[in-house]
Structure formats: C-alpha cells, structure tokens
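Heads up, the thing below is written out as structure tokens.
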Amino acid sequence: MIRAALLTAMLAAPAAAQDRVVVIGGGLAEIVYALGQEHRLVGRDTTASFPPAVNDLPDLGYMRALSPEGLLQLDPDLILASDGAGPLETIQIMQAADVPFVQITEAPSMDAVLERVEQVAQHLHAQDAGAQLVETLRADFAALAEQTAQVSTPRRVMFVLSAQGGRINAAGRDTGASAMIQMAGAVNAFDDFAGYRLLTDEAIAAAAPDVILMMDRDGDHALSDAQITGHPALGLTPAAQNGQVIRMNGIYLLGFGPRTAQAARDLHKAIYPALTHQGG
Amino acid sequence: MVALPFNSRRPRRPPAMAAAGDRALRARATITALVVFVLAASILSLGVGAAGVSLPDVLWQLASGEALGLRDRVVLFDIRLPRLLTGLLVGASLAVSGAVMQGLFRNPLADPGIVGVGAGAGLGAVLAIVLGAMLPPAVLAVAGMHLVPLAAFLGGWASTLVLYRVSTRRGRTSVATMLLAGIALGALAGALTGILVYIADDQQLRDLTFWGLGSLAGASWAKLAAAAPIMVLALIAAPVLARALNGLALGEAAASHMGISVQRMKNLAILTVAGATGAAVAVSGGIGFIGIVVPHLLRLAMGPDHRYLLPAAALLGAGLLLLADMIARLVIAPAELPIGIVTAVLGGPVFLWILLRRRGIVDM
C-alpha cells in the first residue's frame, strides 16, 4: 500500500525532477535564490555574484562565450539562461545533447522583472514560491508608485559608470541605470544618446544634473566627494555644489532581479529625502 | 617537442644549395618526429576535456558493440572532433602562411598580418558584430550565425585585393611597396575599428574582446564545411611554392635567372596566404604567434629550405595549436580561456628565449 503510494508519487514527480540546473545571468541567479531553489543549482556564469553563496558554484565564464564541453561536464538537466547567453553553437550542441536550454529576457523594466520571476518559477516547477514572490514584488512596486506619485518636479539624475583619468562615462537612454532612475521617479540627465558614453566637460556642465549617482566600489571607478567637487565639469553641477551624491551597490542597483523594487525605493528615498519623511 | 640543434656560427649559405646532405636528413627526421607529435596531440585532444568522456572507454564500448550514450556521442562527435579538425587546419594554415610570408618578403617579422589579411579580417568581424543587426532581415536570415566569420573572410580578401592593386604596376608586384602599404592599411583598418568600438554597446564590446583573443570553442561541422575547403586548397598549393621561395631567397633577379616565374609565384603566394589566413581567422578569431614562432623554430631546427620548412610548419603549427587548445579548455574548466591568450603566453617567452640564445635568427 505504502509502496504503491510511493510509486505513484514517483510517477507524478518526473516533470519536477530537474535537480541539476545551470543558471546563466546574474538577475536569474538571484531569482532562483529568492524562490528558495538554490539547492538545485550546479553552475553559474561570471555575471552571477549575488547572493554571495552563488560564488561557490562552478563558474562557466562569460555568458556569451560558454564552452559546450564545460556545460556538459556539469551534467545539467536544465539550463536557465538570459537571452544574451551564447554562442549559438553552444546552444545548438545543448539541443543535440537533449539538455533543455531555456532563454529568458533580461529587459530592464518592472514588467520584465515580474515576468522573469514567473518564468523561472515555472521552469523550476516552483509556481507557489513564484506567485508569492510576484505578490511581494507587486506590493513593493505599488508602494514605489505611491512614493513617486508625490514627486511634482522630477530631479535630474546623472549616472556615472566610471571616471578613469578624469574622463566621465555616463549612462544615456536605454540603459539599466536610466530605467532605475525613471522607476525612482526622477529623469536621466542625459537622454540624447543611447548606452554609455564618455562625456566632454561641456556636455556635463550643460546637462546640470541635480543628483550624481554612482556604484560604490573600490578602485579608480569610484570618485570621492573631494574628487567630484574638484572635477572641472562635475564640480560646476548643482549636484556637486549641493552635495547630492548617491552611491549604491552595483548589483543591487542594476541587477534587475527580485531586489529591484527595493533598490528603486531606496534610490527614490536617496533622491527625494524630504518626500519620504511624509510618506513613511 | 622537437629538439633544437643549434649549430654554432655556420657561415650563411644560399638555402637552395644548403639543402643537400645532412640537412635533408635532419629535415626528414624532424618531419617524421612532427608527424608522430601531431598524431599524439590529436589522440590526446579527442581524449581530454571538461566533460570527462575518456577515449579508451568509448573505444572499448564501440568495440564491444555497445551503443554510445547520447552525451558521450555529442561530446565526441559534435564537440571534440570538429574542434580537433578545426585546430589542425587553423594551426597548419597560420604556420604555413607565416612561413610563406617570411619567404616572400625575405623578412623575419612578416606574418599574415602584414599583407593586411589580419587587419582586414578584424575590421570585417568588428563591422559584423557592431553593425550586423542593421542589415536587412533577409540578409541576416541567410547569413545567420555565420555573419561574423563571413565578414572576417571577406574583409581579409578585400584588404588583400587593395594591397595587391596598390603594389602592382605593369604586372609586377613590389613586395616592399606591399609591406609599406600593408602598414598603412593596417593603421586605417585600426582607425575604422576604433570608430566602431566607440559606437559599440557594452555587450558588443565584450564580443569584440573575445573575438580578438581567438577561440576554437565555436568549432562546428557547419563552420568547418565552409572554411575547410579553402584551408585545404591553400595547404595543398603551398608546397608548389617551395622551390620558388628558395630561389627568391637569393633575390628577385637571381630567382628569375634560375627560371622561376617570379610574378606568378607572388600571385600564388598572396592568394594562398589570403585564403588560408582569411579562413582560419574567420573560424577561430585572432590567434597570434603561431605564424611567427613556428617557422622560426623550424628554421633553427632544420634550416631554411622551404621544401621541408612548409610541410614541417604545417605539422608543428597544427600540433602546437592543439596543445594550446587543450590548455585553453582545461585550466579554468568548466569555463574556457581564449586560445589567443594561451598561444601568446607560451609563444612570447619561447620566442624571447630563442632570440637570447641565438641573435642570428634575424638574418635568416
């Protein structure tokens, strides 16, 4: 009797049996952890570095240069990959070897984040956890919307990617940073170009950002407050003169995983410190 | 690897005459050793890899009539075998192209980069990576994933054609003009590449970097089917050049007095190198040092006679590239190193060591 029950359970189970999952893409890896499915992971790519535990998994290298043999070595029964993963030859070999290679879009938007969570949950057969996470995220986004609705005059934010040798590399349109700035209820100070660009000093002065946003990391990428005020162009901006410089963790800010809503709320609070006091 | 007998301070003699006697014997021995080396490297290359499919096990399974598992079959026949063949052909093509170029230009620094193939192919690849998405969908549907290799090949050919036109007057090609024009064209291609790098987005930049470092990881039967015929043809054509290159070592005038049709030989050499390098770069990206280290190593080991040098270069180039590829795919498994890093890291010091031991290498 018990045996028969076990047998039926086993027969019903195989669809959910994938327990050797490789995840390619930092945002997707974070989602797998948020769904509590990390025990099924056997590999990741270099872009996956949060939560820190993910670093203990074997690293498959850069997600656009995956080695087919490296993947097969991990003997995966499911590969969850961002749509940027490749090369195509590797994907074709995975198909030849009968390893499901699922590609999920990594677009930087609220809807895409929710959709990603649902897709990952579905492929991992963890729909319950997925629905719960989506619920939480929706609530976070709703709270964010309430906060951003209070913004009457959006502030102009400049995202500085790097400042090597005093040359400022900033985010334009169609970047993750730009999407986050908008989510937080502000506007990107540079929307006349797409992607990241090295800016001339004049362009920076002309854009006159109210806030400077950066990633908080070591090395020459990060600028100290003194370096910002001392910079010939940045020093002239309202942001530098009013000390409006925000530093946030890079993966947190730009990961577009399950912490995105939280990150956007944090960013909103940092950009509009006065508003959030009323909103709670 | 091959031992390098450094015969001390032998007076330099015209290679065509020096070929006789002990040198020919040594050359044959070297080539025999190289054949064994390439065979061993090939077997090893089929047998090792991240996936832990071992060749003896698979052979035993086949011999005992058992069917191979799907994964073993894919690893052996869809990953390692096309990769092995690509490595053999690319290594041989690069080394032979280097040897031919050095002979043609009578310049120890010459390599396929100098006829503009390298720069042109690089520009083609960069164009395809950065601007490929702007092509009409119909073109993209046809070219598909082969757009970058295709563009690299066409870029290599186009730049060779331009160089050839620039340096050929009244049916005579001046190799000196070609060398200089190659440098100019290289700078121009570099500048155009720079513009494209500037407008590329982050992902394209990463793609560019990886392409420039070269890899055999993208080897597939489809790519091999497209590129192998060109490389094989070029490798077959190369030995035809051997006698003429030997004659050319004495100077163009002497060569034509020896009854060598110098212009025909130049045409064939340029065609061979453009084809072999264009196809090699197209399937594997930028792989440095094979074209320059291999011929020099061999000249030291067996003398400059192209009749032996060209086949030996093909063998050593193929074997070394296979070894480099094994290192590339094993050291950081399950990830993979770009093979250009391996060839340069190993090739650079070896080359410096040779230069230290024997400065005479540059007056070949």
Among the residues listed as A:L71, A:L41, the single one being out of contact with any Pro (no Cβ under 9 Å at 6 or more places or on another chain) and crowded, with 22+ Cβ neighbours inside 10 Å: A:L41
Residue under question is B:Q102, and the condition is that it be open to solvent by less than 10 Å² (accessible area, probe 1.4 Å), over 11 Å from the mean Cα position of the chain (by Cα), polar (S, T, N, Q) and more than 14 Å from chain A (Cβ to nearest Cβ); does it hold? yes
When every residue in the range A:86-109 that is aliphatic (A, V, I, L, M) and modelled with pLDDT under 90 is compared, the one nearest to the chain's Cα centre (by Cα) is A:A107
Okay, helices (runs of 4 or more DSSP H) sitting entirely in the range A:168-280 with 3 or more residues that are farther than 28 Å from A:Q147 by Cβ, I get A:201-207, A:225-230
Kindly list the number of the only condition in (1) surrounded by fewer than 23 Cβ atoms within 10 Å (Cβ to Cβ); (2) within 20 Å of A:Y252 (Cα to Cα) that fails for A:I24. (1)
So B:I230 passes all but one of these: (1) without any contact (Cβ under 8 Å) to a residue 40 or more places away in the chain; (2) under 19 Å from B:L268 (Cβ atoms). Which condition number does it fail? (1)
Do you know which residues across the range B:160-173 are open to solvent by 40 Å² or more (accessible area, probe 1.4 Å) and in contact with a strand residue (DSSP E or B) (Cβ under 9 Å, 6 or more places away or on another chain)? B:Y164
Here the residues within the range A:105-124 that are buried (at least 21 other Cβ atoms within 10 Å of the Cβ) and β-branched (V, I, T) are A:V113, A:V117, A:V120
Working carefully through the options B:L85, B:L94, B:L109, find the one that is within 30 Å of B:L309 (Cβ to Cβ), surrounded by fewer than 24 Cβ atoms within 10 Å (Cβ to Cβ) and modelled with pLDDT of 90 or more. B:L85
Which one of these does A:N188 not meet: (1) of a type outside the set (D, E); (2) at pLDDT below 95; (3) out of contact with any Asp or Glu (no Cβ under 9 Å at 6 or more places or on another chain)? (2)
Please go through the range B:306-328 and give me each residue that is more than 15 Å from the chain's Cα centre (by Cα) and open to solvent by less than 10 Å² (accessible area, probe 1.4 Å), ordered by number. B:A328
Residue match in the range A:141-157 (condition: in contact with a Ser or Thr (Cβ under 9 Å, 6 or more places away or on another chain), buried (at least 19 other Cβ atoms within 10 Å of the Cβ) and among the charged types (D, E, K, R)): no
Report yes if B:A314 is touching a Leu at 6+ places or on another chain (Cβ under 9 Å), in a helix (DSSP H, G or I) and either within 14 Å of chain A (Cβ to nearest Cβ) or over 30 Å from A:T46 (Cα atoms) (or both), otherwise no. yes
Of everything in the range B:207-252 that's out of contact with any helix residue (DSSP H, G or I) (no Cβ under 9 Å at 6 or more places or on another chain) and surrounded by fewer than 17 Cβ atoms within 10 Å (Cβ to Cβ), which residue is farthest from the other protein chains (Cβ to nearest Cβ)? B:G251
Name every residue in the range A:93-116 that is within 11 Å of another protein chain (Cβ to nearest Cβ), part of a helix (DSSP H, G or I) and touching a strand residue (DSSP E or B) at 6+ places or on another chain (Cβ under 9 Å), in order of residue number. A:M94, A:Q95
Please go through the range B:335-360 and pick out each residue that is without any contact (Cβ under 8 Å) to a residue 12 or more places away in the chain and not in a helix (DSSP H, G or I). B:A335, B:L337
Subset of the range A:158-185 that is within 20 Å of A:L267 (Cα to Cα) and touching an Asp or Glu at 6+ places or on another chain (Cβ under 8 Å) - its residue that is most open to solvent (accessible area, probe 1.4 Å): A:R173
B:A3 within 26 Å of B:W221 (Cα to Cα) and either among the charged types (D, E, K, R) or modelled with pLDDT under 90 (or both): no
Yes or no: the range A:194-214 includes at least one residue that is surrounded by 14 or more Cβ atoms within 10 Å (Cβ to Cβ), within 14 Å of chain B (Cβ to nearest Cβ), within 20 Å of A:A107 (Cα to Cα) and at pLDDT 90 or above. no
B:I332 being β-branched (V, I, T), at pLDDT 85 or above, crowded, with 24+ Cβ neighbours inside 10 Å and more than 20 Å from B:A269 (Cα to Cα): no
(1) more than 28 Å from A:P51 (Cα to Cα); (2) open to solvent by 40 Å² or more (accessible area, probe 1.4 Å): which one isn't true of A:R217, the others all being true? (1)
Do you know which residues across the range B:72-86 are touching a residue at least 12 places away in the same chain (Cβ under 8 Å) and within 14 Å of chain A (Cβ to nearest Cβ)? B:D72, B:V75, B:L76, B:D78, B:I79, B:R80, B:L81, B:P82, B:R83, B:L84, B:T86
Give me the pairs: first residue in the range A:45-68 and away from every other protein chain (no Cβ under 14 Å), second residue crowded, with 19+ Cβ neighbours inside 10 Å and part of a loop (DSSP other than H, G, I, E, B), beta-carbon distance under 6 Å, and six or more apart or on different chains, which are they? A:V54/A:A48
Within the range A:79-92, of all residues that are assigned to a loop (DSSP other than H, G, I, E, B) and free of Cβ contacts under 8 Å to residues at least 60 places away in the same chain, the one most open to solvent (accessible area, probe 1.4 Å) is A:D83
Selection from the range A:49-62 of residues modelled with pLDDT of 90 or more and assigned to a loop (DSSP other than H, G, I, E, B) yields A:P51, A:L57, A:P58, A:L60, A:G61
Using beta carbons and a limit of 8 Å, which pairs, at least six apart or on different chains, have the first residue in the range B:184-206 and within 15 Å of B:L131 (Cα to Cα) and within 14 Å of chain A (Cβ to nearest Cβ) and the second one open to solvent by 70 Å² or more (accessible area, probe 1.4 Å) and not basic (K, R)? B:L196/B:L127
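The values are calculated or read from the model by the stated rules, or taken from the named source; none is laboratory data. Keep in mind it's a predicted model, so treat the numbers as computed, not measured. Note: ideal-geometry Cβ built from the backbone for every residue, glycine included; neighbour counts use all protein chains shown. Ligands, DNA and RNA are stripped out before the accessible areas are found, and what is left, the full protein with its side chains, is counted by its heavy atoms. Shrake-Rupley method; radii C 1.70, N 1.55, O 1.52, S 1.80 Å.
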